[in-house]
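Step one of this worksheet: look at the structure below.
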Amino acid sequence: MRISASILAADFCNLRAELAKVKGADLVHFDVMDGQFVPNISFGLPVIEAVSRCTELPLDVHLMIKHPENYLEQFAAVRPEIITVHYEAAVHLQRTLARIRELGCKAGVSLNPHTPLDGLRYVLDDLDLILVMTVNPGFGGQRFIPAMLEKIRDCRELIGARPIELQVDGGVRVENIRELAEAGANNFVAGSAIFQAEDPAAYIEALRRAVR
Ligand code: DX5
Ligand code: ZN
């Protein structure tokens, strides 16, 4: 399993200190929002670039933007491990995923809660990660949507023996991470639960323990 700490919930005035608290995570997750694909604007490349200079952790970039294909080179330049685009925003998804890999990153695709998994069947060989959104994207601190457990199980079945990570994002906490893992998720994004914890490092450990 891997835990990706979402800095959307961090104190942006103190990012260096906030990153130090989540050293025990496996990845740092960046929620890039454009106010078009989602009804909110977050941060963009300058922030990711700055953060990349004060963490040793690999970067996990979640693009909640329209026309992600137009920005791949710029995001790849900060050398993230993963670039994830939204299924709903990528008109030529196969080409976009192939391009992410050409740029030296792992290719991820994210699906909104209501988006069916069906179309992914034909691009499985172009994928390194599937992100099943467990909330409607756009905001941190929302409640996990229970119906997504069935979708995670279906997604695990679709992946079969392929080396594709199954990531979940939204409302992940100590209380539900075990059922998410049992349904088939193996990569967990958590924002508010980690950063609002009194001791974020201990909370990350508690997330791991809950799955064991
Ligand atoms: C939601 C974002 C998430 C968000 C998760 O649009 O994609 O990554 O940071 O936040 P929490 O863990 O607070 O639900
Ligand atoms: Zn995210």
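The values are calculated or read from the model by the stated rules, or taken from the named source; none is laboratory data. Everything numeric in this text was worked out from a predicted model, so none of it was measured. Quick reminder, even Gly has a Cβ in these numbers, built from the backbone with ideal geometry, and neighbours come from all protein chains shown. Just the protein is used for accessible areas: all its heavy atoms, side chains included, with ligands, DNA and RNA removed. Shrake-Rupley method; radii C 1.70, N 1.55, O 1.52, S 1.80 Å.
Among residues of the range 62-78 that are of a type in the set (A, V, I, L, M, F, W, C), those with a beta-carbon under 6 Å from a residue that is open to solvent by 20 Å² or more (accessible area, probe 1.4 Å) and in a helix (DSSP H, G or I) at least six positions away or on a different chain give the pairs Leu72/Arg99; Val78/Glu49; Val78/Ser52. Checking each residue in the range 18-70 for being more than 16 Å from ligand 1 (Cβ to nearest atom) and small (Gly, Ala, Ser) picks out Ala20, Gly24, Ala50, Ser52.
Against the condition among the aromatic types (Phe, Trp, Tyr) and surrounded by fewer than 15 Cβ atoms within 10 Å (Cβ to Cβ), how does Phe30 come out, does it pass? Against the criterion (among the aromatic types (Phe, Trp, Tyr) and surrounded by fewer than 15 Cβ atoms within 10 Å (Cβ to Cβ)), Phe30 does not qualify. Among the residues here, Leu15 qualifies as under 16 Å from Phe195 (Cα atoms) and either in a helix (DSSP H, G or I) or within 12 Å of ligand 1 (Cβ to nearest atom) (or both).
Quick grid of which residues meet (1) open to solvent by 10 Å² or more (accessible area, probe 1.4 Å); (2) at negative phi; (3) modelled with pLDDT under 95:
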position	(1), (2), (3)
Phe37	yes, yes, no
Ile41	yes, yes, no
Gly44	yes, yes, no
Glu56	yes, yes, no
Val61	no, yes, no
Glu69	yes, yes, no
Glu81	yes, yes, no
Gly104	yes, no, no
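I'd like the full set of residues that are of a type outside the set (Lys, Arg) and away from ligand 1 (no atom under 16 Å from the Cβ), limited to the range 150-178. Walk me through how you get there before you give the answer.
We begin by selecting, within the range 150-178, every residue of a type outside the set (Lys, Arg); these are 150, 152, 154-155, 157-161, 163-172, 174-177.
Hits for the range 150-178 are Glu150, Asp154, Cys155, Glu157, Leu158, Ile159, Gly160, Ala161, Pro163, Ile164.
Exactly one condition in (1) part of a loop (DSSP other than H, G, I, E, B); (2) surrounded by fewer than 21 Cβ atoms within 10 Å (Cβ to Cβ) is not met by Ala50; state its number. In the conditions (1) part of a loop (DSSP other than H, G, I, E, B); (2) surrounded by fewer than 21 Cβ atoms within 10 Å (Cβ to Cβ), Ala50 misses (1) alone. Among the candidates Ala210, Ala202, Ala197, Ala185, the residue that is away from ligand 2 (no atom under 16 Å from the Cβ), out of contact with any His (no Cβ under 9 Å at 6 or more places or on another chain) and in contact (Cβ under 8 Å) with a residue 24 or more places away in the chain is uniquely Ala210.
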